[in-house]
Every structure is written in structure tokens, then in C-alpha cells.
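Visitor: The structure's right below; bear with me while I get my questions together.
The values are calculated or read from the model by the stated rules, or taken from the named source; none is laboratory data. These numbers come from a predicted model, not from an experiment. Here the Cβ is made from the backbone with ideal geometry for all residues, glycine too, and neighbour counts use every protein chain on show. Each accessible area value is taken on the protein alone, full model and side chains, heavy atoms only, with ligands, DNA and RNA left out. Shrake-Rupley method; radii C 1.70, N 1.55, O 1.52, S 1.80 Å.
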Amino acid sequence: MPQLSPGTARKPPAAAQVAPATPQSVALAVPKGTPLQVALDQEVRVKKVGQTIHGRVVEPVYAFDHIVIPVGSEVTGHVTKIEPISGGKRAVAALDADFTPVRKVEITFDQLLLADGRRLPLETSVTPGSGQVIQFVAASESKKKNRVKDQASERTRQAKQQARQEWDNAMKQLKTPGRVQRVKRYVEAQLPVHRQFIPAGTVYFAELNKPLDFGSEVMTPQMAEAIGGPLPPGAVVHAWLVTPLTSATAHKGDEVEAVLSQPLLDSEKQLILPQGSQLKGTIRQVQPARRMKKNGQLRIEFRELVPPDGVQQKVEATLEGVQAGKNANVKLDSEGGAEATTSKSRYLATGLSLALAAASMRSDSDVDHGVARTGDNTGGRVAGGANGFKLVGMALGLAVRSRALGYTMGAYGAGMSVYSHFIARGTEVVFPKNTAMQVGVGTRKQGAAGAVPATVAASH
């Protein structure tokens with residue numbers, strides 16, 4: 001019979017050997033279709049097809065959780081097309097004393113210079129609707145006195161403040177024109193013959209036609225565990241709009257999609273949502289612009305958040321910030337609604353136009369010691385000409401000694417001013433494809449009737 005050794009003399013069984021988990025690698029690639037936000041860093045005078053243009057990246061580009069194209073990276077391109085002006089448009093412009101109307105200019109960007117000296121060739125297509133001087137608009141704070149300043153609201157406030165600061169810092173690297181330069185260009189644009197410029201600070205959304213490869217990184221087990229975790233209170237994500245939106249053509253129920261342009265991190269800097277996650281929603285309400293300066297309305301709501309692994313979750317979302325053209329006069333309220341207001345300068349412009357029309361009808365007749373004296377009413381004719389046809393009208397008022405001509409030009413200018421500022425169709429809400437926005441997201445509570453909508457509206 002085999003004898004067993006005492007327990008103290010026996011060796012413990014060898015521990016089972018567990019093979020370490022094979023680390024996973026993540027490709028740091030910027031896929032085809034990713035937009036680069038490029039702002040011209042100096043004024044460009046439009047001369048010919050092929051002329052070189054220069055700009056800088058004003059929004060960082062991420063791959064997974066890494067910045068691969070930082071703000072300030074240099075981009076060069078060229079003018080690809082200068083569209084001719086049709087005879088009809090040229091005739092209408094000539095009636096308004098403009099013999100060199102603005103031509104549509106198409107551009108492309110073909111080279112990227114990174115801070116480390118690397119030069120990467122680009123193939124891009126500029127998104128229609130871009131090519132504006134834009135600004136970052138943040139939602140206003142709530143004016144309710146009983147609002148609780150909890151952790152979530154404070155985090156949201158800090159995120160909006162940081163986004164505005166980042167945008168301001170990006171704009172500081174551009175040679176944007178000062179007040180004197182802007183006045184100079186405005187005065188030049190009023191001349192019958194003038195040059196065409198693209199101002200510094202004009203932003204283009206340039207979509208990549210080919211992907212860019214920046215290598216790969218190793219995903220640690222801690223990173224893998226954090227992905228898809230619960231959304232922190234007051235989380236705000238950066239996204240770009242995949243679906244172009246305009247109140248003129250949108251319909252209630254149309255699907256809307258946006259893509260996260262930056263990863264979402266928790267307070268411990270652990271990755272929760274990588275770049276490329278999707279936000280899905282619908283158009284909740286739409287109203288096209290109408291006459292009598294009734295502006296368009298457009299409301300959207302995001303209800304689903306889909307990480308790259310495809311496991312979607314229901315969310316509540318509000319629009320906290322958006323990029324919009326400076327001329328659009330867009331503002332966001334505390335509930336995430338965007339409103340494109342009509343500029344108050346229309347009252348001043350219309351009042352000035354009516355004053356010029358009245359001056360054109362003033363008689364220069366006077367009474368001196370009981371004797372009637374009649375002038376030639378040159379000032380009235382010039383005022384009417386300036387009101388109706390700018391500098392050409394002024395020249396006609398000086399050259400043609402006809403009070404009827406001054407009346408006619410003055411009345412035409414006043415009528416056009418009243419029509420365009422108070423009677424014509426209002427402004428449509430337009431968000432081009434790749435518009436950058438900030439969206440506050442949170443997990444939807446069980447049994448909630450619906451999500452808080454991310455709202456886009458324009459009203460009179």
C-alpha cells in the first residue's frame with residue numbers, strides 16, 4: 001500500500017497557469033468623410049483659378065481618444081472655380097449700381113502641415129453652405145431664481161465656457177481685419193466697380209476624400225472597461241452634424257444624425273465614449289419662413305447614443321452650443337432653443353431711406369423779402385439718387401436737372417427698403433452639414449415620456 005506523507009511535508013499543487021490577455025490595438029485613423037474646419041488666416045483677393053490660399057485648423061481632429069490634428073495646423077489649397085455671372089443677375093446688379101457683382105468661388109485644400117514638420121497630402125471636398133465668418137454661440141443661463149446649482153449644471157456651465165474660450169483662442173491665430181479695415185472694405189463694396197475679397201476668418205468645412213493614417217495605440221484593460229460606462233452628470237459632447245438642416249425643406253419626423261467629434265472622458269480622464277460615436281434623433285417641429293419677415297423654425301431632438309460597438313442607449317439631449325454665421329444673429333436660450341433674430345438695424349436703414357426719399361421731394365423754393373426764389377433742387381435729386389441707385393444715382397442727380405427723376409429714384413429706394421426689411425420673406429434656419437455643436441446628454445430616466453429636445457428655431 002502506498003504511504004502518504006504528512007500534510008506538512010506535502011507540496012501544494014502548482015497553480016494553474018493563466019495566459020495573460022492579449023492587448024488589443026486601436027487604429028488611429030481619420031476616416032473618409034471626416035470634416036476639417038479650416039479658417040483663412042489672411043484676406044484673399046479673388047483673382048484667378050489656381051491661386052494659392054492658406055488657412056489653419058480651428059477645431060481639433062481626434063482619432064479614437066487622441067488628437068491627431070491639433071488646432072493651428074497649417075493647411076494650403078487653391079481656387080478651383082470662379083463661377084461666371086448670368087446676364088440676368090448682372091442686369092439686376094447694374095440697376096443697383098453694382099457692375100462687379102460677387103461671384104461664387106470654389107476652393108479645395110490639398111496639403112496639411114503638422115506642428116512636428118510632417119506634410120500630409122490631402123484630397124478634400126468643401127461642404128456646400130460653408131465659407132462663412134462664424135462664431136460660437138452658447139446657450140444662456142437660466143433666469144429662474146429657484147434653480148439649483150448642482151454638480152451637473154456646474155459641469156455644463158464649465159464645458160460651455162471652455163468651448164467658447166477654445167474657439168476664441170483659435171480665432172486669435174488669424175489676421176482678422178480691424179474696424180478700420182472693415183470700414184474700408186465696406187466703402188469699397190459700395191463703389192460701382194470694386195474688387196472681390198474673401199475675408200480672413202472665413203471658415204470652410206473640408207471633408208476628406210481619403211482617410212489619414214496616424215498609426216495605432218494599445219488599449220489597456222482599464223480603457224476597455226471604462227468604454228460604455230455611465231454618463232457623468234452634466235456631460236456635454238462635441239459633435240458635428242451629418243444631416244444638413246434647413247427649415248425651408250425639412251419635414252416633421254425626418255431623421256437627424258450627428259457624430260461625436262471629440263471623445264467623452266470622465267472625471268478620472270477615463271474614456272467613456274470615443275470619437276465617432278453617433279447621436280440619432282428626429283425633427284420634432286418645422287416651419288418655413290414666410291412673408292412679413294416671419295422667420296423659419298426648426299426643432300430637433302436626439303434620443304439615441306450609439307458607440308462604435310453598436311450598443312445603443314436612450315438619452316436626453318439639449319443643445320448647449322452651436323457654430324453659426326455672424327450674419328445669422330443666432331442665439332440660444334436656456335432650454336437649448338436656437339433663434340435667428342432679425343437685426344434691429346433694419347429700423348435705422350429704413351428710416352434713413354425714408355428720410356432720403358423725403359429729401360428728394362423737398363422743393364428749393366424760398367421767399368426772400370416777399371419775392372419767391374426757386375433753386376435747382378440739386379440736393380434733393382442727389383438724395384433721391386443715392387437712395388435708389390447709390391453712387392450712380394448720385395451722379396445722375398447731379399447731371400440730370402429733373403426733379404421727377406429725383407422723386408422716382410428716392411421713392412424706389414424707400415420702397416425697396418420697406419419691402420426687404422418688413423414685407424419680404426423672413427430668414428430660414430440653415431445648418432450646413434458638418435456644423436459643430438455642443439450637446440448636453442444624460443441617461444433617460446425609466447418611464448420618461450420623452451427626451452428634452454435640442455431645439456433650433458428662428459422667430460420674428
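Visitor: With every protein chain kept in place and ligands, DNA and RNA left out, what is the accessible area per residue of region 202-274? Probe 1.4 Å, answer in Å².
Guide: With the other protein chains kept in place, region 202-274 gives 46 Å² per residue.
Visitor: Provide the gained length on full extension for the span Gln173 to Arg103, in nm with one decimal, where the gain is 0.36 nm per separating residue minus the Cα-Cα distance.
Guide: That pair, Gln173 and Arg103, stretches by 22.4 nm at full extension.
Visitor: Ok, one more. Once fully extended, how much extra length lies between Lys184 and Thr249, figured as 0.36 nm per residue of separation less the alpha-carbon to alpha-carbon distance? All intermediate terms of the calculation are to be shown ahead of the outcome.
Guide: Working: separation 65, 0.36 × 65 = 23.40 nm, distance 3.77 nm.
Full extension from Lys184 to Thr249 adds 19.6 nm.
Visitor: Still on this model: Using the heavy atoms of the protein chains and a 1.4 angstrom probe, tell me the accessible area per residue for region 77-191 in square angstrom.
Guide: Per residue, region 77-191 has an accessible area of 66 Å².
Visitor: Still on this structure: Pop the C-beta distance of Arg425 and Ser267 into the FRET formula with R0 = 51 Å and round what comes out to the nearest 0.05.
Guide: For Arg425 and Ser267, the calculated efficiency is 0.55.
Visitor: Whose amide H sits under 5 Å from the amide H of Ile134, counting only residues 5 or more places off or on another chain, with H placed in the peptide plane?
Guide: Excluding prolines and chain starts, which carry no amide H, the hits are Val203, Lys326.
Visitor: Using a Förster distance of 22 Å, how high is the FRET efficiency between Thr76 and Glu43, based on the Cβ-Cβ distance and rounded to 0.05?
Guide: 0.85
Visitor: Translational D (Stokes-Einstein, µm²/s) of region 38-173 at 25 °C and 0.890 mPa s when Rh comes from the Kirkwood sum over C-alpha pairs?
Guide: 132 µm²/s
Visitor: Between Gln196 and Ala115, what is the spin-label point distance in nm, taking each point 7 Å from the Cα along the Cα→C-beta axis?
Guide: 3.7 nm
Visitor: What FRET efficiency comes out for the pair Ser153/Ile67, r = Cβ-Cβ distance, R0 = 45 Å, nearest 0.05?
Guide: It comes out at approximately 0.95.
Visitor: May I ask you to compute the full-extension gain from Ala94 to Ser216, defined as 0.36 nm times their residue separation minus their alpha-carbon distance, rounded to one decimal in nm?
Guide: Details: separation 122, 0.36 × 122 = 43.92 nm, distance 5.81 nm.
That works out to 38.1 nm of additional length.
Visitor: I'd like the carbon and sulfur percentage of the solvent accessible area for region 248-288, probe radius 1.4 Å, heavy atoms only, ligands and nucleic acids excluded.
Guide: 42 percent
Visitor: For region 156-314, what's the relative contact order in percent, using C-alpha pairs closer than 8 Å and at least 6 residues apart?
Guide: 15 percent
Visitor: Going down the list Lys210/Lys433; Lys184/Lys294; Lys160/Lys326; Lys184/Lys326, which pairs span over 23 Å between their C-alpha atoms?
Guide: Going by Cα-Cα distance, Lys184/Lys294 fall outside the 23 Å limit.
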